[in-house]
1. Give the Rg (one decimal place) followed by the Dmax (whole number) of segment 180-266, computed from C-alpha coordinates and expressed in Å.
2. Quick check: pseudo-label points 7 Å beyond the Cα along Cα→Cβ at Ile20 and Lys52, how many nm apart are they?
3. Looking at the P(r) of segment 280-363, how many percent of alpha-carbon pairs lie beyond 18 Å?
4. What is the order of His44, His17, His271, His301, fewest Cβ neighbours within 10 Å to most?
5. What is the Cα convex hull volume of segment 52-97 when expressed per residue in Å³?
6. Quick one: order Ser229, Ser187 by neighbouring beta-carbon count within 10 Å, fewest to most.
7. Which of the trypsin sites (Lys or Arg not before Pro) found in segment 1-92 are loop residues per DSSP with 16 or fewer other Cβ atoms within 10 Å of their Cβ?
8. Provide Ile23, Ile107, Ile50 in ascending order of the number of other Cβ atoms located within 10 Å of each residue's Cβ, fewest first.
Amino acid sequence: MLKRMLIVYGTLITVFHKFITPIFTSLNIFLLHIVVSIGIVLDHLFFPSIRKIKPKPPIVVVGNPRSGTTFMQRFLVTNGFGAGSRLWKMMYPSLTLQVLIKPLLPILEKFSPAKHHATATHSTSLTGIETDDPALLFRYFDGFFLYGFFLAWAKKDYKDMFDPAIRDTSKRDFNWMEKVWRRNLISEKKDRMIPKIFSLGVRIPLFLKKFPDAKILYTVRDPLQTVPSGMSLVTGVLDGWFGFWKLPEAKRNHFIERLYTAFLDLSMRFHNDYVSGKIPEKNLKIVTFPRMMKDFDKLMHEILDFIGEKATPELENSIKETDENQKKFKSTHKYDLAKYGLDEAKIRKDFAPIYETFFNEQK
């Protein structure tokens, strides 16, 4: 952890000329790590049910940012299939700490990094249900978010640090997720987790060794839509933090190129595991964005069969209502590829296997 902190600190000095703020941030992370560790131990004293609960296999939503993961996760959570992870509970997963922290949430919300998210593309807050990737950032100062927001700026490319074939942290990460999830189920009074994990696309086979009965919904959307939308989401946060679009063009382009490569790797690593048969069919359901928008009724019933659930009358009504709303929905978001130094031909060429496998088109 200390090594990664030093790398990030050096990067923030070089790129953003920040000297003092990163020191206080690092101290806060160390303090959080210590406090949470104490809280996790105390949980076994005050919440003995942690060891007794028997959760159902998780339903995990995976896919590149802006591919429909949030919509799918929130639909499942809203309709009672299980619990999602709230941002503040990933920061403070200890049930003991949550009792103390909860009254302070209105104050903490004012200082939360979540306030920098562009609400037009992705609304979030400390109490909102979010992707589970930050859980690893908060605990180990590691993972997809660390690279995507900070290490991608570095002169040296640290991408290999997050390649499971080179540095496999899956045992550490999945054990921690299990601890967080068990506590979350008690807190939310549910019996199944419905996490959303962007970074899982590069290590689904490893995840299934830990959770062999997990059901994975992998969302796929046209890269011409996910890439610029994902870029907009990340740079929007960075603009709130550091004034991204006021930085010199060379620095912006350096970061954008790294981020683009990361998005490409997330897609291609999953694609390679998928076509090579490394992911058992019983564990995986492909969910394409066009079907979410135009064929949600039938798609949702296929998902119910996949996860072994039956629709109640209330769920049937929710599915039909959502299906109608999806068909009427028209996105107002428009993105300029040139703004990110990209064009349609490059994306179609780089993501050609995604088009060929999931959209059956070659252009």
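Please treat every number below as a calculation from the coordinates, not as lab data. Quick caveat, the model's predicted, so the values are computed rather than measured. Note that we place each Cβ from the backbone using ideal geometry, even for glycine, and neighbour counts take in every protein chain shown.
1. Considering segment 180-266 through its Cα atoms, Rg and Dmax are 17.4, 50 Å.
2. 5.2
3. Working: 2145 of 3486 pairs.
Cα-Cα pairs of segment 280-363 separated by over 18 Å account for 62 percent.
4. Details: His44 11, His17 8, His271 18, His301 14.
Final ranking by Cβ density, sparse to dense: His17, His44, His301, His271.
5. Working: hull volume 4.7 nm³, N = 46.
Each residue corresponds to 103 Å³ of Cα convex hull volume.
6. Details: Ser229 20, Ser187 17.
Least crowded to most crowded, the residues run Ser187, Ser229.
7. Working: sites: Lys3, Arg4, Lys18, Arg51, Lys52, Arg66, Arg74, Arg86, Lys89; in loops: Lys18, Arg51, Lys52, Arg66.
The qualifying sites are Lys18, Arg51, Lys52.
8. Working: Ile23 12, Ile107 8, Ile50 16.
Listing Ile23, Ile107, Ile50 from fewest to most nearby Cβ atoms yields Ile107, Ile23, Ile50.
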